[in-house]
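The values are calculated or read from the model by the stated rules, or taken from the named source; none is laboratory data. Quantities reported herein were computed from a predicted structural model and do not represent experimental measurements. Glycine also receives a Cβ, built like all others from the backbone with ideal geometry; neighbour counts cover every protein chain displayed.
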Amino acid sequence: MTPADTRRRWGLALPAVAVITLFSILPLGVVVLYSVLTPGDYGNVRWVLSGEGWFSVLFERDMFDETVSLSDAHITILFRSVGLSLATTLLTLIFGVPTAWFIATRAPRQRGFWLFLITIPFWTNLLVRTIAIQEIIRAEGVLNRILIGLGLIEQPLQMMFTNFAVLLGMAYVFLPLMVLPVYAAIEKFDFRLAEAGYDLYASRAYCLRRVILPLVRPGIIAGSILVFVPSLGAYVTPRIMGGGNSMMLGNLIEMQFGQGRNWPLGAALSITLTLLVLGALIWYTRLTTGGRRHG
Amino acid sequence: MADRAFDIRRMPGAVTLAVVCFVILYIPMVILVANSFNAGKVIGQWEGLSLRWYLAALQNEAFLAAAANSLVLATIAAFMATVLATMAALATTRSDGFRGKGAIHIVLNQPLMVPEIVLAIALLIILAQVKQATGYTGLGYLIAAHTTFCIPFAYMPIRARLEGMDMTLETAAADLYASRAYAFRRVTLPLLAPGILAGFMLAFVVSLDDVVISSFLKSPGQETLPTYLMGELRRNLSSEIYAISSLLLLISVLIVAGSWLATRQKT
C-alpha cells in the first residue's frame with residue numbers, strides 16, 4: 001500500500017476516531033485521574049492527591065477510632081454483581097440454548113418466523129421490557145393476583161426488591177442476546193456429521209459431547225459473554241427490580257455521584273467495573289483464539 | 001442399517017424448554033399491552049376496553065416534549081454516527097492492512113468495552129465543567145454522547161457489508177475510465193446502501209434505548225422518552241406508562257417487521 005493511500009485511509013477514519021477519543025477515551029482518562037483526588041464538599045473534587053477513593057472500594061474507616069475494616073456493604077455489592085451476572089448467564093444458557101436448537105432444527109421456511117419472535121424483544125427498549133417483567137412480580141402484579149385468586153396465599157408475596165427480582169429481570173431482558181449467537185452457530189452445523197457419528201455406534205450423549213458441542217461451543221461462549229458483560233454493568237434493571245435493597249455496582253457508582261457525593265470513590269468503582277468487564281473480554285478472546293489453535 | 005428412527009435434531013426436552021422460553025418472553029409484553037387498553041384506573045382491574053390512556057398520553061405535554069427530544073436526538077446522532085462509521089469502514093476494509101489499522105479498529109470498538117454507567121459518569125465529569133464554563137444547556141451534549149456510543153453499532157453492519165462486497169466491480173468501473181468519485185457514487189455507494197441502512201437503524205434504536213447516559217447528561221427540565229419514563233416510574237406506576245411503553249413496543253415491532261420484509265424481498 002502506498003503512503004498516499006495510507007494517508008487517505010487515515011483521513012477517512014479520522015473523524016470517527018477523533019469523536020470517540022474526545023468523548024469516550026479522554027473522559028475515561030479523566031475518571032482515572034479523579035479516582036486519586038480528594039472529594040469536594042458538595043460533590044466534584046478538590047485537586048489534592050489522595051488514595052482514599054481506591055481505599056474505600058473495599059475498606060472503611062471507623063468514624064471514631066479510625067480502625068480499618070473491610071466494607072461489608074461494598075463487598076456484598078461486588079459479590080452480588082458478579083454472582084447475579086453469572087447466574088443470569090447460566091439461566092439464559094438453560095433456556096437460550098434449547099431455544100436456539102429448536103429454531104435451528106425447524107424447516108428453513110419456518111426459521112424466519114421463530115427468529116422474528118426473538119428479534120422483537122431484542123429490538124425493544126430495555127426499559128419497556130423491564131417495566132413488563134416488573135408487572136408480573138410486583139406486589140399488586142399479575143402473579144400475586146393469580147395466587148391470591150386461587151387462594152394459595154392471603155398476603156401478596158414480596159418478590160420485588162430482592163436478588164431474585166434482579167436475576168429474573170436481567171435474565172428476561174438479556175435472553176435474546178444468548179439465543180441469537182447460539183442459533184448462528186447451530187445453524188451452520190452440518191447435521192450429517194452427527195448422523196455419521198451415530199452410524200458409527202456413538203450414543204446420543206457421546207454424539208452431543210464429542211461432535212455437536214465442540215462445533216457449537218463458539219456460539220455458546222459468544223452468547224455467554226454477550227449476556228455476562230451487560231449484566232455486570234447493568235443499571236436500569238437492578239434499579240427498578242432491586243431498588244435500594246439489591247444494588248449492583250452500577251447503582252453504587254451512580255450513588256457516589258448523587259447523594260453519596262464521593263466522586264473519587266465513584267471513579268475508583270467505575271475503573272473497577274471497567275477492569276472486570278475487560279477481564280471477561282480478554283478471557284473470551286483467549287478462549288476463542290485458543291480453541292481455534294486446537295481445532 | 002435398519003431404521004433406528006434416529007434423529008439427532010430431536011433433543012429430548014428442547015422443544016418443551018423452547019416453548020417455555022417463548023411463552024416467558026411474550027407473556028409480560030402481552031400483559032403490558034393488555035393493561036394499556038384498560039378503561040379503569042387501577043392496573044389489573046379490568047373495566048373494559050378503552051383508548052383512554054393513549055389519549056391521555058397524546059395530550060400530555062411532558063411526554064410529547066420528551067418524545068420530540070428523543071426523536072430529534074436519535075435521528076441526528078444516528079445520522080452522524082452512520083456518516084462517520086461509513087467513512088471509517090471504507091478506511092479499514094478491503095486492504096491488506098496498513099500502519100495503524102489495528103489501532104483504528106480498537107478505538108472504533110472502544111465504546112462497546114466500557115459499561116454505559118462508566119461512560120455516563122466520565123462524560124458527566126467533563127461536560128459538567130463545559131456546561132459551567134459556557135452556560136450552554138441545549139441538546140448538544142446528548143447529541144455528542146449518543147453519536148459516540150452509536151458509532152460502533154453503525155460500524156458493524158457497514159463493515160460486514162463492505163467485506164462481503166465484490167471489488168471487481170469497482171475495478172471494472174476504473175477500467176472504464178470512471179473517476180474515483182464517480183465510481184464511488186455510482187458503484188460502491190449503491191452496493192453499500194443496505195449496510196448503511198442497517199447501521200443507521202441499529203444506531204437509531206440504540207440511541208432510543210439509552211437511559212443511563214441521557215439521565216446523567218441532560219440539563220434540568222430536559223427529558224428524553226426513556227428518562228421521562230424512568231422518572232414517572234419512580235413517582236408511581238400508571239396505566240399511562242403502560243400506554244407509552246406499548247407505543248415504544250409498537251415502534252420496535254414496526255422496525256423489525258420493516259427490515260424483515262426489506263431483506264426478504266431481495267432474496
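Only one residue in A:V45, A:V30 is without any contact (Cβ under 8 Å) to a residue 60 or more places away in the chain, within 13 Å of another protein chain (Cβ to nearest Cβ) and within 15 Å of B:A128 (Cβ to Cβ). Which one?
Numbers: A:V45 fails: without any contact (Cβ under 8 Å) to a residue 60 or more places away in the chain.
The unique qualifying residue is A:V30.
Inspect segment A:182-194 for any residue being under 21 Å from B:I251 (Cβ atoms), of a type in the set (V, I, T), more than 9 Å from chain B (Cβ to nearest Cβ) and within 26 Å of the chain's Cα centre (by Cα) and give the result as yes or no.
For segment A:182-194, residues under 21 Å from B:I251 (Cβ atoms), of a type in the set (V, I, T), more than 9 Å from chain B (Cβ to nearest Cβ) and within 26 Å of the chain's Cα centre (by Cα): absent.
Can you tell me how many residues in segment A:105-127 are under 13 Å from B:Y26 (Cα atoms), facing chain B (nearest Cβ under 7 Å) and part of a helix (DSSP H, G or I)?
Qualifying residue count, segment A:105-127: 5.
Can you name the condition, by its number, that A:F23 falls short on among (1) among the aromatic types (F, W, Y); (2) in a helix (DSSP H, G or I); (3) more than 23 Å from B:A122 (Cα to Cα)?
Condition (3) is where A:F23 drops out.
A quick yes/no check of all residues on (1) among the β-branched types (V, I, T); (2) more than 13 Å from chain A (Cβ to nearest Cβ); (3) under 24 Å from A:E135 (Cβ atoms):
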site: B:V42; (1), (2), (3): yes, no, yes
site: B:R52; (1), (2), (3): no, yes, yes
site: B:F63; (1), (2), (3): no, yes, yes
site: B:S70; (1), (2), (3): no, no, yes
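Filter segment A:197-217 down to the residues that are more than 10 Å from every other protein chain (Cβ to nearest Cβ), in a helix (DSSP H, G or I) and free of Cβ contacts under 8 Å to residues at least 12 places away in the same chain and list them by number.
A:A205, A:Y206, A:R209, A:L213
The rows are residues; the columns are (1) of a type in the set (F, W, Y); (2) within 23 Å of A:V31 (Cα to Cα).
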| position | (1), (2) |
| --- | --- |
| B:Q59 | no, no |
| B:L64 | no, no |
| B:S70 | no, no |
| B:M113 | no, yes |
| B:A122 | no, yes |
| B:K131 | no, yes |
| B:F153 | yes, no |
| B:D166 | no, no |
| B:E170 | no, no |
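Just to be sure before I move on: is B:L162 outside any loop (DSSP other than H, G, I, E, B) and within 26 Å of B:V206 (Cα to Cα) in the structure I sent? Give the steps one after another, and end with the answer.
Numbers: outside any loop (DSSP other than H, G, I, E, B): yes; within 26 Å of B:V206 (Cα to Cα): yes.
Considered against the rule, which asks whether it is outside any loop (DSSP other than H, G, I, E, B) and within 26 Å of B:V206 (Cα to Cα), B:L162 comes out as yes.
For the list (1) more than 29 Å from the chain's Cα centre (by Cα); (2) at pLDDT below 90; (3) surrounded by fewer than 20 Cβ atoms within 10 Å (Cβ to Cβ), I need the number of the one condition that A:L70 fails.
With respect to (1) more than 29 Å from the chain's Cα centre (by Cα); (2) at pLDDT below 90; (3) surrounded by fewer than 20 Cβ atoms within 10 Å (Cβ to Cβ), A:L70 is out only on (1).
Can you tell which of B:I121, B:I76, B:I125 is modelled with pLDDT of 90 or more and either within 24 Å of B:L202 (Cβ to Cβ) or in a loop (DSSP other than H, G, I, E, B) (or both)? Give the steps one after another, and end with the answer.
Values: B:I121 fails: either within 24 Å of B:L202 (Cβ to Cβ) or in a loop (DSSP other than H, G, I, E, B) (or both); B:I125 fails: either within 24 Å of B:L202 (Cβ to Cβ) or in a loop (DSSP other than H, G, I, E, B) (or both).
Only one candidate passes the filter, namely B:I76.
Across segment B:118-169, what is the number of residues that are over 25 Å from B:T86 (Cα atoms), without any contact (Cβ under 8 Å) to a residue 24 or more places away in the chain and more than 13 Å from every other protein chain (Cβ to nearest Cβ)?
4
Conditions (1) more than 30 Å from A:I120 (Cβ to Cβ); (2) in a helix (DSSP H, G or I); (3) small (G, A, S); (4) at pLDDT 95 or above, marked per residue:
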site	(1), (2), (3), (4)
B:D96	yes, no, no, no
B:I106	yes, yes, no, no
B:K131	yes, yes, no, no
B:T137	yes, no, no, no
B:A144	yes, yes, yes, yes
B:M156	no, yes, no, no
B:G195	no, yes, yes, no
B:M201	no, yes, no, no
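Would you check which residues across segment A:141-187 are within 30 Å of A:P218 (Cα to Cα) and either outside any helix (DSSP H, G or I) or among the hydroxyl-bearing types (S, T, Y) (or both) and list them?
A:Y172, A:Y183, listed by residue number.
Hey, among the residues in segment B:88-117 that are surrounded by fewer than 18 Cβ atoms within 10 Å (Cβ to Cβ) and within 7 Å of chain A (Cβ to nearest Cβ), which one's nearest to A:Y235 (Cα to Cα)?
B:M113
Every residue in segment B:226-245 that is touching a residue at least 24 places away in the same chain (Cβ under 8 Å), more than 8 Å from chain A (Cβ to nearest Cβ) and closer than 24 Å to A:G233 by Cα, please.
Scanning segment B:226-245 gives B:T227, B:Y228.
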